[in-house]
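The next block holds one structure in the form of structure tokens; read it before the comments.
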Amino acid sequence: MINIVTDQNDNESRDEVHGAGEAFRQRIATVDAQGQRKWVYPKKPAGRYHRARAWVAAFLVVLFFSAPWIKINGHPLLLVNILDRRFSILGVPFWPQDAIYFVIAFISLVVFLLLFTVIWGRLWCGWACPQTIFMEMVFRKIEYLFEGGPSKQRRLKSKPWDFDKLWRKGGKWLTFFVVAFAVANTFMAYFVGTDGFLERISGSPGDHMGAFIGVLSFTGLFYFIFAWFREQACTLLCPYARLQGVLLDNDSVAVTYDFNRGEERMPANKAKKTQLSGDCVDCFSCVKVCPTGIDIRNGIQLECINCTACMDACDTVMDKYNRPRGLIRYASYNMVKNGTRFRFTPRVIGYLVIFAILISVFVTMLVLRSDVETTILRTPGQLFQEVDDGATIQNLYNLKVVNKTYEPMPLHLKLVEPASGKIQIVGTDLRIDAEGILEQAFFVTLPRDILDPLKTPIRIEISNDDGVLETVKTNFMGPAAP
Ligand code: SF4
Ligand code: SF4
């Protein structure tokens, strides 16, 4: 179990304040002393944070299902066609040759996540993670729809099978399956494109057995995760969640219980009789609503996905008792304990600098990215030919050009160094299809008297009608010096 408070004194002082000790850190909240899973029946969340999250989730879910169908200039918003090695991001085509862009983008994303997490904790988990969105905003809602709130769910589970239980459970499982099937199909659309998707779903499964098995497998996987595995995906599987223990520090902002204000916690009727009471009325509303089954009053814990449900629940209680909202709120441990404000720590500044450098490199690379990827290699097995009675020397080259755009284009080759030579294409003029690959041979001829012994460096310019696309360096072979 993680403990993000690195200072032993802080731990001790927190224990004093909570009176809770650290026993809760010895076990995951959803596992009992015998190692059996404790099924979580969270109360329906409600409140301003939940409403805001519901809007964000609705937008993201609609975006997820519609993105494969959204086209920019006729090209997919997002396409990850690994099998055909075709990729499109925001309508811009990318090729396997662009792997370096993905590497830089991936490293930038990791650094951004580190930076974001150090500052804002698990904000991503609560507001944007697909697991949380589908679990809490889609599948959980379906469950409430069919089975009602937590007490009704418990009753339904323990009662014998009758018609009521059958249609409620059956309806829920069927709806889960339909949603999981829709998610799996949408993933397929991301991988094969909408044309490939329509082709596969309109044909018989036997004609597209791979796609059929893939969709069914993913449907089963999503069904398993959202119907049964649930919060364990965050607690046990998610690598990002596992990293929290080393990323968060006492200045990271997260869903936090204000123990200074809340303690001594006690029921309201008891609080009336003492001066020692804090604002927490020990009603357990924050615990009952938690989808990971934890008590946030124990401090930041591995299981907390920052879903804000406890913030809403506690605000409702505070309203009821005419106390200020925010007993559980977005705050860092230091903000609660010492009343400090957010500050840029050296670690945050370090991540910011690294991130700024990476983004600058990435943007520069994107701006300088050529529309074509050119490879020029001397034809294997060929050395050189003497022509014009040995006054000039000829080398044969193989040209390979990848067109990274959606437009066909004519290509021109020009020998820019040494300028006294010439290029002769073998065959017709060069023309490359949209997203096509062109392979062609060509000769370079140079006067013998300008050659270096054995190897002369040359530069060839590749252009289309709009201008120069790339300049490629290679070597020209000639006879050894006499
Ligand atoms: S909801 Fe608020 S008042 Fe109730 S137990 Fe939780 S922190 Fe205390
Ligand atoms: S502790 Fe609060 S924010 Fe964290 S998972 Fe539970 S309800 Fe969500």
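The values are calculated or read from the model by the stated rules, or taken from the named source; none is laboratory data. This structure is a prediction, so every number in the text was calculated from the model and none was measured. Cβ atoms come from the backbone with ideal geometry, glycine included; neighbour counts cover every protein chain shown.
For Arg347, state whether it is closer than 22 Å to Val246 by Cα and of a type in the set (Lys, Arg). Considered against the rule, which asks whether it is closer than 22 Å to Val246 by Cα and of a type in the set (Lys, Arg), Arg347 comes out as yes. Checking each residue in segment 335-378 for being closer than 26 Å to Leu115 by Cβ and surrounded by 18 or more Cβ atoms within 10 Å (Cβ to Cβ) picks out Met335, Val336, Lys337, Val348, Tyr351, Phe355, Leu358.
Quick one: which of Arg297, Arg323 is over 20 Å from Gly121 (Cα atoms) and near ligand 1 (Cβ under 10 Å from one of its atoms)?
From the options Arg297, Arg323, the qualifying one is Arg323.
Restricting the search to strands (runs of 3 or more DSSP E) fully inside segment 42-117 and requiring at least 1 residues that are among the basic types (Lys, Arg) gives 86-89. Looking only at segment 245-275, residues that are away from ligand 1 (no atom under 15 Å from the Cβ), modelled with pLDDT of 85 or more and assigned to a helix (DSSP H, G or I) come to 1 in all.
Restricting segment 403-433 to residues that are among the basic types (Lys, Arg) and either assigned to a strand (DSSP E or B) or at pLDDT 90 or above (or both) leaves a set whose member that is nearest to Arg459 (Cα to Cα) is Lys414.
Right, Val56: at pLDDT 95 or above, out of contact with any Leu (no Cβ under 7 Å at 6 or more places or on another chain) and loosely packed, with under 12 Cβ neighbours inside 10 Å or not? Against the criterion (at pLDDT 95 or above, out of contact with any Leu (no Cβ under 7 Å at 6 or more places or on another chain) and loosely packed, with under 12 Cβ neighbours inside 10 Å), Val56 does not qualify. Of the residues making up segment 104-123, those that are within 13 Å of Phe344 (Cα to Cα) and either out of contact with any helix residue (DSSP H, G or I) (no Cβ under 9 Å at 6 or more places or on another chain) or not assigned by TED's automatic domain parsing to the domain that holds Thr364 (or both) number 1. Close contacts from segment 124-152, counting a first residue that is touching a residue at least 24 places away in the same chain (Cβ under 8 Å) and a second that is among the hydroxyl-bearing types (Ser, Thr, Tyr), with Cβ to Cβ under 7 Å and a gap of 6+ residues or different chains, come to Cys125/Thr132; Gly126/Thr132; Gly126/Thr308; Ile142/Thr175; Pro150/Tyr41.
Residues being farther than 30 Å from Tyr144 by Cα, away from ligand 1 (no atom under 15 Å from the Cβ) and outside any helix (DSSP H, G or I) are represented in segment 326-339 by at least one member.
Being within 16 Å of ligand 1 (Cβ to nearest atom), aliphatic (A, V, I, L, M) and buried (at least 18 other Cβ atoms within 10 Å of the Cβ) narrows it down to one residue among Ala313, Ala241; which is it?
Of the residues listed, the single one that is within 16 Å of ligand 1 (Cβ to nearest atom), aliphatic (A, V, I, L, M) and buried (at least 18 other Cβ atoms within 10 Å of the Cβ) is Ala313.
Selection of segment 223-239 for residues being of a type outside the set (D, E, K, R) and over 13 Å from Cys304 (Cβ atoms) yields Tyr223, Phe224, Ile225, Phe226, Ala227, Trp228, Phe229, Gln232, Ala233, Leu236, Leu237, Pro239. When the residues of segment 244-270 are filtered to those that are under 18 Å from Asp315 (Cβ atoms) and polar (S, T, N, Q), the one that is surrounded by the fewest Cβ atoms within 10 Å (Cβ to Cβ) is Asn260. A search for C-beta distances below 7 Å between a residue of segment 465-479 that is in the same structural domain as Phe442 (by TED's automatic domain parsing) and any residue that is loosely packed, with under 15 Cβ neighbours inside 10 Å and of a type in the set (Ser, Thr, Tyr), counting only pairs 6+ apart in sequence or on different chains, returns Leu469/Ser370; Glu470/Ser370.
The single condition among (1) at pLDDT 95 or above; (2) within 30 Å of Leu236 (Cβ to Cβ); (3) away from ligand 2 (no atom under 14 Å from the Cβ) that Asp319 does not satisfy is (2).
Per the conditions (1) over 25 Å from Phe116 (Cα atoms); (2) touching a Gly at 6+ places or on another chain (Cβ under 7 Å); (3) of a type outside the set (Lys, Arg), the sole criterion not satisfied by Ala254 is (1). Scanning segment 299-313 for residues that are within 9 Å of ligand 2 (Cβ to nearest atom) and either over 30 Å from the mean Cα position of the chain (by Cα) or in a loop (DSSP other than H, G, I, E, B) (or both) yields Ile300, Gln301, Glu303, Cys304, Ile305, Asn306, Cys307, Thr308. Out of segment 276-293, which residues are in a loop (DSSP other than H, G, I, E, B), in contact (Cβ under 8 Å) with a residue 40 or more places away in the chain and more than 6 Å from ligand 1 (Cβ to nearest atom)? Of everything in segment 276-293, those that are in a loop (DSSP other than H, G, I, E, B), in contact (Cβ under 8 Å) with a residue 40 or more places away in the chain and more than 6 Å from ligand 1 (Cβ to nearest atom) turn out to be Asp279, Val289, Cys290, Pro291, Thr292, Gly293.
For (1) under 48 Å from the mean Cα position of the chain (by Cα); (2) modelled with pLDDT of 90 or more, each residue gets a yes or a no:
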site	(1), (2)
Val401	yes, yes
Glu435	yes, no
Leu438	yes, yes
Asp449	no, no
Pro457	yes, yes
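Only one of these is at positive phi, out of contact with any His (no Cβ under 7 Å at 6 or more places or on another chain) and within 16 Å of ligand 2 (Cβ to nearest atom): Gly262, Gly293, Gly245. Name it.
So the residue among Gly262, Gly293, Gly245 that is at positive phi, out of contact with any His (no Cβ under 7 Å at 6 or more places or on another chain) and within 16 Å of ligand 2 (Cβ to nearest atom) is Gly293.
Would you check if Asp319 is closer than 30 Å to Arg261 by Cα and touching a Gly at 6+ places or on another chain (Cβ under 7 Å)? No; evaluated as a whole, the condition is false for this residue. The residues of segment 357-406 that are closer than 23 Å to Asp429 by Cβ and hydroxyl-bearing (Ser, Thr, Tyr), listed by number, are Ser370, Thr374, Thr375, Thr379, Tyr397, Thr405, Tyr406.
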